[in-house]
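The values are calculated or read from the model by the stated rules, or taken from the named source; none is laboratory data. Since the model is a prediction, treat every value here as computed from it, not as a measurement. Quick reminder, even Gly has a Cβ in these numbers, built from the backbone with ideal geometry, and neighbours come from all protein chains shown. Protein only, heavy atoms only, side chains kept; ligands, DNA and RNA dropped before computing areas. Shrake-Rupley method; radii C 1.70, N 1.55, O 1.52, S 1.80 Å.
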Amino acid sequence: FMVAAGSNYRITFEEYAEQLERSAWNTGDAGRTIKGYVESIGSYDTAHVVAFPYWMDTRLVGIHAGQPTRDYAIWPDELDQLADETRNQLFIVNPNDEEGIERLHALFPSGITKIWRSPVEGHDFIIYFVPGQASLD
């Protein structure tokens, strides 16, 4: 019994946990990034995850951000819709998404890029922050 219990513990809490960490995307980190943005200088309406095939589930990002019914996905060809936004904007982008990154730089040249480094290899993401434009009205 003790040998079986020890083996089951190792498989469940060590091997499986390690495999899950390597294979599951860090939607919690992305959600906490959005929540921090909202609690400081932004809005849930101006936070986005640029969709990329086979990347993170953007609905889970919403759950972690405190908005369980929200899907944060926006595709690169939909970014033009946000060009007239005057408030701060936050984009989370897959580092391999060259099209999305190029589109953001073209639409928002004043944007600031920061890489969020994950402790799990291959799970980094780019944070692209676009400062809002002050109104003189």
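Quick rundown of the values:
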item: Net lengthening on full extension, GLU15/VAL120 (0.36 nm per residue, minus Cα-Cα); result: 36.3 nm
item: Per-residue SASA entry for PHE129, accessible area with 1.4 Å probe, Å² rounded to 10; result: 40 Å²
item: Total charge dipole magnitude, the chain, about the Cα centre, Cβ charges on Lys, Arg, Asp, Glu only, Debye to nearest 20; result: 500 debye
item: Label-point gap, in nm, between SER7 and GLN133 - each point 7 angstrom along Cα→Cβ; result: 6.7 nm
item: Å² of accessible area per residue within the chain, as computed with a 1.4 Å probe and no ligands counted; result: 63 Å²
item: For the chain: relative contact order, % (alpha-carbon pairs under 8 angstrom, 6 or more apart); result: 22 percent
item: Summed residue charge, Cβ within 13 Å of ARG59's Cβ, Lys/Arg positive, Asp/Glu negative; result: -1
